[in-house]
Structures are given as C-alpha cells and as structure tokens.
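Worksheet: the structure to be examined is printed underneath.
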There are 2 protein chains.
Amino acid sequence: MSSSPQTTAKGYGISDTKKYTDFSVKEFKLKTLTPDDVTLDIEFCGVCGSDVHTITGGWGGLNVPWCVPGHEIIGKVTHVGDNVKEFKVGQRVGVGAQVLSCLKCNRCHEDNEQYCPEQVDTYNAKFPDEVEAQGGYSTAIRTNQRFVFSIPEAIKSEDAAPMLCAGLTVFSPLIRNGTGPGKTIGIVGIGGLGHLAIQFAHHLGAKVIVFSHSSNKEKDAKNLGADEFVLTSDDKFADKYFDKLDFILSAADASVIPLAELLSTLKIDGKLTSVGLPDEPWKDLQPQAMASNAACIGGSHIGSKKEVNQMLKLAAEKGIKPIIDEVLPMSQAAKAIEGVKNNKVRYRYVLKQDLA
Amino acid sequence: MSSSPQTTAKGYGISDTKKYTDFSVKEFKLKTLTPDDVTLDIEFCGVCGSDVHTITGGWGGLNVPWCVPGHEIIGKVTHVGDNVKEFKVGQRVGVGAQVLSCLKCNRCHEDNEQYCPEQVDTYNAKFPDEVEAQGGYSTAIRTNQRFVFSIPEAIKSEDAAPMLCAGLTVFSPLIRNGTGPGKTIGIVGIGGLGHLAIQFAHHLGAKVIVFSHSSNKEKDAKNLGADEFVLTSDDKFADKYFDKLDFILSAADASVIPLAELLSTLKIDGKLTSVGLPDEPWKDLQPQAMASNAACIGGSHIGSKKEVNQMLKLAAEKGIKPIIDEVLPMSQAAKAIEGVKNNKVRYRYVLKQDLA
C-alpha cells in the first residue's frame, strides 16, 4: 500500500429501534485494511426502504449497538490497496448493499457473490474480524474492491446512488428472468424500486404492464415507460390479464398485494418475484394459488458486480435515472426516513455529505 | 355412433362432508354423449388424498348435491364415438383427475390441457351443460377421448390406477423441472405421491434425496431408489444439504413442512414445487425465505395426456409401480377413506368393482 489511510470515519447512527429518528454523530472504525480494499470519501447516499425496515426493527433487532444506515453510496476514492488495479485515487465510485463475501465459493466464482453464505451487509453487520460494518450516512467507507463499482460519466452522482440498491435489486431479477423483446413483464408497486424497474424493463425491450392500487401513479408509470397501467382495486383486472404475463416483479409490500390474482395473470410456469421484503408474512397463501398455471413465487437479493456494471451501462446509454424527490443534507436523515416510512417520497431521497 | 350406449351408471357417493363415510349407492347420469367420447366399465379405482380433502370439506364445500369420488380409474371400453380412432371397444384404458377442457385454447393446443381455464375435474364438478361429473367409485364413466389413456400391457390394472393421479401429479413437475442425469432432486414426504416420485426421479437418472420426518420410512425410501434419506427432525439437515439440490418436489402437507430449511438446500434459482395441497395456508412465509438463493416455490396440477403416455411408458419399461396396501371391494370405500385420512395407508388403496 502506498500510504496509511484513515482508520475511522464519522456517521449518523441510531442505537434504539424505538427511537429510530434519534440520529447521533459518532466516530466509528472502518473495515480493517487489506491489500484488496478501496477507501472512499462519501459524497451522496440514497435512502432505501431497507434503512427504514432495519432501524425501525421491522426486520428484527439491531445486530450492532449503534447503526449507521445507508447502502446507496457514491464517493471519491482516497486510497487503494496494492492488489487493486480497477480503481485509482480520485475516481468516482459507488458501493451498494453488500461489502464482502468469501470470494472463494462456487457462488462467488459464478457471479453470484450476493448469494454467498458469508456475505456481509453494508451496515447492521459485522466483518469476519468482528469490526462493525457501518453504512453510508457517514464520511467514508472502506471495502473489498469486488464491492466497489465504477460510475459511468453520463450518470450524475445523485442519480447513480439509488441505482446501487434500488436499481440493482430490480435489475438483477428482471434480467435473470428473461426480460427482453417479445416478453410481457408485470411490475407491481411504483416506489423507489418500482419506478426504476419500469424503466429497465421498458429499455430492455419488454412490454411493461404496471399494477398499482393508486390511480394517481398512472401518469408517472406511463412516463417511465409502462405500456399499460392496471388498477388492482378493479376486481376484474385478473380476468383481463389472464395468461398474459411472462414474469412479474413485485416491488410492493409482499404481504398486502393481491397475490392470487396476480399469479393468475402469469403464463404456464411463470414466476412472480417479490423484492418487497415485508415485516409481515403472507396471509392465507396456499400452493393451490399456483396450481392453476404451475406458477411460482420467488425471492431475490440485490445483484452481482457483473449485473451492476451491466445496469449502469444500460442506464448511461438510455438515460435511465431515478426520480429524486429531494436531495437533503445528511443531517436531515430523520426527515428522509420519515418520508420513506410514511410513503410520502416520490420516489427517492438522496442525502448529501455535510459532515466532512 | 355404432349403437346407443348406456346413459346412467351407479356409484358410491356422499352428500354431507360432515358424514363423509356415509356412502350411499345411487344411479347417476353419465356425461351427455358426443362423437368424441369414450365410455368404459370401471374395474378398479385408486383412493387418492384428493378424495379425502374433497369429501371431508377440507378444500371447501361440495359443488354437487351428491358426490362420487375417485379419479384413478381403470376399466374396459364399452363404447366409442364416431370421432374416436385411438380406442376400441374391449380395450383396457384409464381416466385420471380431469375429464374435459375447452380443447381450443393455446394451453390445450400446447399439451397444457390440465391448465385450461375451462378444465373439468373428474368429480365434484359439472360439465358445461350442467350434468354432474361423478368419479370412479362407480360402475362406469364417459368422457372425451383426450382424457382417456391406453394402459401398456406390462402394467397390471390395480397398479396402473394410482398412476393416473398420484403418479402423474409427481411425474409432470419432475420432468418439467429437469429431473434427469446430473441433477439432484429432493422428494419431501413418502406417501401415495412421494413413493412414486422417488421411483420416477431415480429411473429418470437423477440423484434422489428423500426428506421425511419419519425414520421408519427410510427402508422403503431406499428400496424405492433414494440415494440418501434425510430426517427433517434433525435440526442440522439444512446445513448439510446447503446449495445441493436442483429441484425439490414436496408431496407432504405444504403447511407443515420445514419450508425455510428446505428452500435453503436449493441451488441458486432452484424451485420447490408443492403438490401437497393442504387445507391450511402456509404459516409465517415471507419472501425473505427465498432471498438468500433466489429460490422459488411453485405449484402444479396433474399433467397432460402427453405426460401420462410418457409416464406409463417409463413405468412399463422400468417396472415402476405403486406399493398397494390393500385392494378392497368398492363397498369398503369408507374404510379406505379413513385409512388415508389417518395416514395409515402404505401407500395406496385400490378399490375393486363390486356393483356391476
């Protein structure tokens, strides 16, 4: 390594899920340095639904005593380890929702590092040496180069940030399930994830059917590339779309969508993948709901570095970008969290560095 | 048509799901004759879990005032319509769990007639002209030739009967999900369906891992072709089989299997298909259970005629057959129903004609 980089950073974190907007600024230890690490100064960080689920305890208690959320991170490289050839000091890069995996298993070797059983989340997690992983509502982050991404020049930093979790989370299942010309793809829920999914599916060449319970989202859906907009409050919608869809990506709260009706719109052997990870389980789901067309319900977890690069290339070429409600100073993280929690955001908040 | 065939038959039916063993013998109307119909005198009928779910009301109330169950039917052709070239009077044939579909839609044209939205179940259902469809605990059945199957000479009638629902229900999802050489297939539950699934998966060339909560099923599982037997009461089983399975077919009650643990044994993008259709919904299932490997949970419904023929050919070639606990006279249907309901059957009862 060329020089000794910083060992700590400062961030906005919380320590009690019952007081999830009580952010305190503290110093914390960065990942223990290795020759494969990249260190960056953070400039922007998107505010993700995961941040809300985590700090409100919706997905369970905290795994660390004090937690800095944020995993849609854009910044400038300040240090690279000796093994790092892909990045240079000063380069603009991003970090998403994963900061480590074993890098040795089949899954890691086959561009499925997001499914490595030793994967480490960007925050509310610990590195193997027990150093706590803290997120992007902070001044800096350090992690293994596999989990650092180049950002194409054509994409503005604040637009790139939400791509790294929201974008990737929808892009990966879309391409893994054949989204492209000749396919009819359903997108359920138009929020931080869904509004990017509509654009990706459209620009990948598919016919895009958007399902929503809010009629006031129709205009946005069409502007983003939806070919058709379907109100799920219309109790006839399932009949109209029977046997029409090749794949459905649900970015809505999985526990409240009209699951049986949506499944019935799938062709034989079709799949509905839910990337909306709710606090509550499905209600009254039986295999019978999938017996009339051999449909299935699937899960997905972010995406691989290969997919990040593919996504950013497509976004740069096609002008795909998030609709950003507001860029707020990081000190207003609480305001952003409340806006996401109360479903007021249209469609993403991005925090801008104000600690460094 | 060469002559006017019978218009009625006699059967054992029930009229109250609370008194599901109170079988009465009555005469009922056969399907209204068309030139595409085959009429057969029934010799044997298997007793399926569906019979129990239906007549006990587990899947909901009856759709007809009096219901003759039974959809694993073997008999001899007594009449064929003018359009029927595949079958001759006197020929041994079978009928399974479906007796009609529209025969015009894409699904019907593409060997997916079991997923036709106008499909008619063999019993507890009505034909489009409102004639009630009655099952195989009876003297005769008439239906469209598409839903009548030739039985290879090598298979005994009592062995062929359970193939037509139990066999097909597992064979179709096995072959549609790639069961064959080089694949590792999990079978959950060893009962009427599972004990056939093990044999099919084995003879299709896959490595077969059987999951069960009963250690007393191990010997049977191995004899039927299981390469490994896994006790799901061992709380370490999921760790041992992590990332090992290509596909899992669950023939157990879907609401009580250790679903999250089973899903974790699947490779990336693997599927668990449940053909066990329980009375109760899944408990506490969230998409999170499928997020760690992009797994999915699917359904399936019997199979197509093409698959019946493929299954019976394989069974004849490889000597695959059900283990029949007992062949009972049809008048003892109640005994068989209780044996299935109380999970005492090992592994199938077959009823023999005693009314004709």
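No lab work stands behind these numbers, since they all come straight from the coordinates. Predicted model only: the values in this text are computed from it and were never measured. Heads up, the Cβs are rebuilt from the backbone with ideal geometry, glycines too, and the neighbour counts pull from every protein chain shown.
Backbone amide hydrogens, once placed in the peptide plane, bring B:ILE248 within less than 5 Å of B:GLY186, B:LYS271, B:LEU272, B:THR273, excluding anything fewer than 5 places away on its chain. The alpha carbons of the protein assembly as shown stretch over 94, 54, 42 Å along the principal axes, in descending order. Evaluated over the Cα positions of region A:229-342, the convex hull gives a direction-averaged projected area, one quarter of its surface, of 9.9 nm². Averaged over the residues of A:105-114, the number of partner chain Cβ atoms lying within 10 Å of the residue Cβ comes to 2.
Per-residue packing, averaged as other Cβ atoms within 10 Å, sorts the ranges B:161-170, B:32-41 into the order B:161-170, B:32-41, beginning with the highest. Label-point spacing for B:GLY319 across the identical copies (point 7 Å from Cα in the Cβ direction), in nm and ascending order: 7.1. Starting from the label point of B:SER331 at 7 Å along Cα→Cβ, the same points in the other copies fall at 9.2 nm, in ascending order. Across all directions, the average flat footprint of the convex hull enclosing the Cα atoms of region B:139-208 is 5.9 nm².
For A:ASP82, inter-copy separations between label points set 7 Å beyond Cα along the Cβ vector come to 9.1 nm, shortest first. If you wrap chain B in the convex hull of its Cα atoms and look at it from every side, the mean projected area works out to 16.9 nm². Chain B has one residue whose beta-carbon comes closest to the axis relating it to chain A; that residue and its distance in whole Å are B:CYS296, 2. Centroid-to-centroid, using Cα positions, region B:275-332 and region A:258-277 are 21 Å apart. Between the amide H of B:LEU351 and those of B:CYS45, B:GLY46, B:VAL47, B:LEU328, distances stay under 5 Å, these residues lying 5 or more places away or on another chain, with hydrogens modeled in the peptide plane.
Cα centroids of region B:36-60 and region B:131-155: 10 Å apart.
Relative contact order of region A:109-190, taken over Cα pairs closer than 8 Å and 6 or more residues apart, is 11 percent. For region B:167-298, the equivalent ellipsoid derived from the Cα gyration tensor has semi-axes of 20, 16, 15 Å, listed largest first.
Using the alpha carbons alone, the radius of gyration of region A:1-118 stands to its Kirkwood radius in an Rg to Rh ratio of 0.99. Evaluating 6.51 cos²θ - 1.76 cosθ + 1.60 at θ = phi - 60° for every residue in region B:343-356, the Karplus couplings come out as 6, 8, 5, 10, 10, 7, 9, 10, 8, 10, 3, 9, 9, 8 Hz, glycine and proline recorded as x. Database remark: amide H of B:GLU118 closer than 5 angstrom to the amide H of B:CYS102 (H placed geometrically; neighbours at sequence offset of 5 or more, or on other chains; Pro and chain starts carry no H).
Couplings 3J(HN,Hα) for region B:254-268, derived from phi with the Karplus relation 6.51 cos²θ - 1.76 cosθ + 1.60 (θ = phi - 60°), are 4, 7, 10, 6, x, 5, 4, 5, 4, 4, 5, 7, 7, 5, 3 Hz, where x marks Gly and Pro. A simple charge model with +1 on the Cβ of Lys and Arg, -1 on the Cβ of Asp and Glu and nothing else charged puts the dipole of chain B at about 500 debye relative to its Cα centre.
Which whole-number percent is the relative contact order of chain A (Cα, under 8 Å, 6+ apart)?
Worked out over chain A, it gives 18 percent.
Taken residue by residue and averaged, Cβ atoms of other chains lying within 10 Å of the Cβ of B:296-305 number 6.
On alpha carbon coordinates alone, what is the Rg over Rh value for region B:35-103, Rh being the Kirkwood radius?
1.05
Highest-first packing order for the peptide set A:308-316, B:201-209, A:16-24, A:175-183 is B:201-209, A:308-316, A:175-183, A:16-24, based on the mean count of other beta carbon atoms within 10 Å. Out of A:GLU280, A:GLU307, A:GLU113, any idea which swings most in a Gaussian network model of chain A, alpha carbons joined below 10 Å? Highest fluctuation of the listed residues: A:GLU280. Peptide B:52-59 is shielded by partner chain Cβ atoms: per residue, an average of 0 of them sit within 10 Å of its Cβ. Straight Cα distances below 17 angstrom link B:LYS156 to the aspartates and glutamates B:ASP41, B:GLU43, B:GLU72, B:GLU317, B:ASP325, B:GLU326, with same-chain residues fewer than 8 positions distant left out.
Computed from backbone phi, the HN-Hα couplings of region B:127-134 come to 6, x, 8, 6, 4, 6, 8, 10 Hz, rounded to whole numbers (Karplus: 6.51 cos²θ - 1.76 cosθ + 1.60, θ = phi - 60°; Gly and Pro given as x).
With contacts taken as Cα pairs under 8 Å at a separation of at least 6 residues, region B:254-320 carries a relative contact order of 37 percent.
Over region A:102-143, the Kirkwood radius and the radius of gyration, each from Cα atoms, give a ratio Rg/Rh of 1.03. For region B:167-298, the residue among B:ALA201, B:LEU262, B:ALA294 whose Cα projects farthest onto the positive side of the dipole built from Cβ charges is B:ALA201.
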